[in-house]
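Asker: Dumping the structure here so I can ask a few things about it.
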Amino acid sequence: MDGRDVRGHYEELAAEYDEHWGYDSSYVPWMSGRIAEALRLGPTDRIADIGSGTGLFAREVARQLQPRHPLLCVDPSEAMLRRLGTPPPRDLTPVVASAEDIAEGRAHLPYERLDAIWLKESVHHVADPADTLRGLADQLASGGRMLVVMLPAAIQYPLFEAALARFEELQPDPAAIEGHLRAAGLEASLTHVEHELRIARDKYLGMVRARYMSLLSTFSDSEIEKGIEEMRVAHPEPVLVFPDRFAFILGQRGGEGA
């Protein structure tokens, strides 16, 4: 998907985006906690969530962390950022910008340098990950950390076969992202975390129809409906149970605390 298609997808999805994560009340706190733990976040850190969308995870990190500096929610979609509220919470600051805008210095940030950056499931939208991650790394203070959270190269979701195949065609390799962070001058490591999902089948089929993953916006309405019928046959069980596995690629700039 090009940048315009991605932006249009999320503009349309914004109003119902958070609802797609409401099937498991433990998921957002769990993921937010893993992000905060991996980045070793502290209340005095200057933090940016790049590709924050509606701020679903930033909001929870802020709740857990109680930061002294507002956490930056960076996203190119104004519709998604409006879901933060008007005005937004005092501990969250919306920034309408893409990862490339930040990396290339085209967007103004309220902090001269950042102590922590995370990108959750947004790096695959970046046209040139090597250059963009290098530019983001340049925004880090001494000892700053950057975390890329992404799905692995293959997933075990109960999607239709064409969607799974296309995912594998389009998804970047986490090992390549780790290499980009090293090339950007960061000490990098790759680990994985996993969370078991339990979703009512009809709920999940509705999420697929709503194209809750940007990948699904590459399929036509008729292809989605055909895929849903395939899923109904393959998964007659009323509750779908499957692993949600994520690669955590952590980079750290040398300096105090390194």
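The values are calculated or read from the model by the stated rules, or taken from the named source; none is laboratory data. Please read these numbers as outputs of a predicted model, since none were measured by experiment. We place every Cβ from the backbone using ideal geometry, glycine too, and count neighbours over all the protein chains shown.
Asker: When residues of region 102-155 are filtered for being among the polar types (S, T, N, Q), over 15 Å from the mean Cα position of the chain (by Cα) and in a loop (DSSP other than H, G, I, E, B), how many remain?
Answerer: Narrowing region 102-155 to residues among the polar types (S, T, N, Q): 122, 132, 139, 142.
Narrowing further to those that are over 15 Å from the mean Cα position of the chain (by Cα): 132, 139, 142.
Next cut, in a loop (DSSP other than H, G, I, E, B) only: 139.
The number of residues fulfilling the criteria is 1.
Asker: Could you please find all residues in region 100-125 being of a type in the set (Asp, Glu) and under 14 Å from residue 53 (Cβ atoms)? First the steps, then the outcome.
Answerer: First, the residues of region 100-125 that are of a type in the set (Asp, Glu): 100-101, 104, 112, 115, 121.
Of everything in region 100-125, just one residue is of a type in the set (Asp, Glu) and under 14 Å from residue 53 (Cβ atoms), namely 121.
Asker: Quick check on my filter: what residues within region 180-193 are surrounded by fewer than 16 Cβ atoms within 10 Å (Cβ to Cβ) and either more than 19 Å from the chain's Cα centre (by Cα) or at pLDDT below 95 (or both)? So that I can check it myself, show each step before the final result.
Answerer: In the first step, residues of region 180-193 are kept if they are surrounded by fewer than 16 Cβ atoms within 10 Å (Cβ to Cβ); the result is 182-183, 185, 187, 189-192.
Once the filter is applied, which keeps residues that are surrounded by fewer than 16 Cβ atoms within 10 Å (Cβ to Cβ) and either more than 19 Å from the chain's Cα centre (by Cα) or at pLDDT below 95 (or both), region 180-193 yields 182, 183, 185, 187.
Asker: Residues 172, 158: which one is modelled with pLDDT under 95 and part of a loop (DSSP other than H, G, I, E, B)?
Answerer: On the way: 158 fails: modelled with pLDDT under 95.
Exactly one residue qualifies, and that residue is 172.
Asker: Of all residues in region 40-74 being of a type in the set (D, E, K, R) and in contact (Cβ under 8 Å) with a residue 40 or more places away in the chain, which is surrounded by the fewest Cβ atoms within 10 Å (Cβ to Cβ)? Write out each step before concluding.
Answerer: Of all residues in region 40-74, those of a type in the set (D, E, K, R) come to 40, 45-46, 49, 59-60, 63, 68.
Among the residues that remain, those that are also in contact (Cβ under 8 Å) with a residue 40 or more places away in the chain are: 40, 45-46, 49.
On the way: 40: 14, 45: 20, 46: 23, 49: 27.
Step by step, filter region 40-74, then rank; the result is 40.
Asker: Sort out which residues of region 198-214 are touching an Asp or Glu at 6+ places or on another chain (Cβ under 8 Å), crowded, with 16+ Cβ neighbours inside 10 Å and either among the charged types (D, E, K, R) or part of a helix (DSSP H, G or I) (or both), and write them in order of number.
Answerer: Hit for region 198-214 is 201, nothing else.
Asker: May I pose another question? Pick from region 78-100 the residues that are surrounded by 19 or more Cβ atoms within 10 Å (Cβ to Cβ) and either of a type in the set (Asp, Glu) or in contact (Cβ under 8 Å) with a residue 60 or more places away in the chain (or both): which of them is farthest from residue 60 (Cα to Cα)?
Answerer: The residue in question is 100.
Asker: A follow-up question, please. Quick one: is residue 217 within 22 Å of residue 128 (Cα to Cα), in contact with an Asp or Glu (Cβ under 8 Å, 6 or more places away or on another chain) and either of a type in the set (Asp, Glu) or in a helix (DSSP H, G or I) (or both)?
Answerer: Details: within 22 Å of residue 128 (Cα to Cα): yes; in contact with an Asp or Glu (Cβ under 8 Å, 6 or more places away or on another chain): yes; either of a type in the set (Asp, Glu) or in a helix (DSSP H, G or I) (or both): yes.
Taking the combined requirement at face value, the residue satisfies it.
Asker: How about region 236-258: which of its residues are surrounded by 12 or more Cβ atoms within 10 Å (Cβ to Cβ) and in contact with a helix residue (DSSP H, G or I) (Cβ under 6 Å, 6 or more places away or on another chain)?
Answerer: Selection gives 240, 247, 248, 249, 250, 251.
Residue by residue, here is whether (1) over 23 Å from residue 33 (Cβ atoms); (2) hydrophobic (A, V, I, L, M, F, W, C); (3) at pLDDT below 95 holds:
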| site | (1), (2), (3) |
| --- | --- |
| 59 | no, no, no |
| 63 | no, no, no |
| 67 | no, no, no |
| 71 | no, yes, no |
| 93 | no, no, no |
| 121 | no, no, yes |
| 133 | yes, yes, no |
| 139 | yes, no, no |
| 144 | no, no, no |
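Asker: Under 9 Å between Cβ atoms, which residue pairs at least 6 apart in sequence (or on different chains) link something in region 149-178 that is in contact (Cβ under 8 Å) with a residue 24 or more places away in the chain with a partner that is in a loop (DSSP other than H, G, I, E, B) and among the charged types (D, E, K, R)?
Answerer: 149/121; 150/121; 151/121; 152/173
Asker: Ok, one more. Would you mind telling me which numbered condition in (1) out of contact with any Asp or Glu (no Cβ under 8 Å at 6 or more places or on another chain); (2) assigned to a helix (DSSP H, G or I); (3) of a type outside the set (S, T, N, Q); (4) more than 22 Å from residue 75 (Cβ to Cβ) residue 192 fails?
Answerer: Status for residue 192: all satisfied but (2).
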